[in-house]
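So the structure is just underneath, and the comments pick up after that.
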Amino acid sequence: MKNIVIVITLILSFTLLNKDIFAQKKNKNKDKELDKVSVIVEGLGCPFCAFGLEKKFKEIKGIKDINIEMETGEMTFAVPNSLELSMDAIGEQVTKAGYTPVEVNITRADGSTETTVKADDETPAEAEEGEIKMTLFAVSGNCGMCKARIEKTAKDVEGVVNAVWDQETKDLTLEFNADKVDVELVRSKIAASGHDTGEFKASQEVYESLPPCCMYDRD
């Protein structure tokens, strides 16, 4: 009887050991099937900003291990290799969240790597001909998310060379092709995105749709 008990115990132990080994191998294989992604994001100003960015990326099926470092602006995560998530798709997801992707690095499951870095701002082709002017005007806002939204809205206007919003002074410095850009149009578009620019006011509906950290005090 004792021998039977010993044999059964050995069989159970061997079975459990094999299951554990199989589970470890399975987990390792899963890890090998994951692409590891690192993104440097410009415009993160507060924990709510990070939450909004994370929420946007959680739309990606199978994403895991999301981590965001506020000090460096680096976000890391892993996705199934089967998704074949592209550099452009990652950048677009960051942009949809209201930020600017500065650098994207992907380590594929097979060990290969891909990297893209945002090029330094250059004078666009439409600004090569015509007088380049600079102006400065106040734009209401609070945080890094506001900065990203304001600057992107301004830069999307054809003929704008560069736009930099100062979070402390609340001033936007605008460089533009005077032959192509109406500054009043830029101001109205920024207001339409949710940020007051002097006499151009964001609608109450758009203002109230801003994330809580972006809801600046209105006169």
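The values are calculated or read from the model by the stated rules, or taken from the named source; none is laboratory data. Predicted model, so just to flag it, every value in this text is computed and none were measured. When we count neighbours, we look across all protein chains shown, and the Cβ atoms used for this are built from the backbone with ideal geometry, even at glycine.
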**Item:** Matching option when the condition is of a type outside the set (A, V, I, L, M, F, W, C) and touching an Asp or Glu at 6+ places or on another chain (Cβ under 6 Å), among Thr107, Thr76, Thr95, Thr100
**Value:** Thr100
**Item:** Filter pass, Met87 being touching a Gly at 6+ places or on another chain (Cβ under 9 Å), surrounded by fewer than 18 Cβ atoms within 10 Å (Cβ to Cβ) and hydrophobic (A, V, I, L, M, F, W, C)
**Value:** no
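Modelled with pLDDT of 85 or more and not basic (Lys, Arg): does that describe Glu42?
Details: modelled with pLDDT of 85 or more: no; not basic (Lys, Arg): yes.
Answer is no for this residue.
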**Request:** From (1) modelled with pLDDT of 90 or more; (2) closer than 21 Å to Val41 by Cα, pick out the condition that doesn't hold for Val160.
**Result:** (2)
**Message:** Any residue at all in the range 110-125 that's modelled with pLDDT of 90 or more and part of a helix (DSSP H, G or I)?
**Reply:** no
**Prompt:** In this structure, does Val186 turn out to be part of a loop (DSSP other than H, G, I, E, B), in contact with a strand residue (DSSP E or B) (Cβ under 8 Å, 6 or more places away or on another chain) and β-branched (Val, Ile, Thr)?
**Reply:** no
**All positions within the range 158-172 that are of a type outside the set (Val, Ile, Thr), assigned to a loop (DSSP other than H, G, I, E, B) and more than 23 Å from the chain's Cα centre (by Cα)** = Glu158, Gly159
**Message:** Filter the range 166-189 down to the residues that are in contact with a helix residue (DSSP H, G or I) (Cβ under 9 Å, 6 or more places away or on another chain) and over 24 Å from Gly130 (Cα atoms) and list them by number.
**Reply:** Asp166, Gln167
**Prompt:** If we keep just the residues of the range 189-206 that are assigned to a helix (DSSP H, G or I) and out of contact with any Asp or Glu (no Cβ under 8 Å at 6 or more places or on another chain), which is surrounded by the most Cβ atoms within 10 Å (Cβ to Cβ)?
**Reply:** Ile190
**Considering residues of the range 165-188 that are surrounded by fewer than 20 Cβ atoms within 10 Å (Cβ to Cβ), of a type outside the set (D, E, K, R) and within 22 Å of Cys46 (Cα to Cα) only, the residue modelled with the lowest pLDDT** = Gln167
**Message:** Among the listed residues Ala192, Ala138, Ala154, identify the single one that is within 21 Å of the chain's Cα centre (by Cα) and either touching a residue at least 12 places away in the same chain (Cβ under 8 Å) or under 20 Å from Val94 (Cβ atoms) (or both).
**Reply:** Ala154
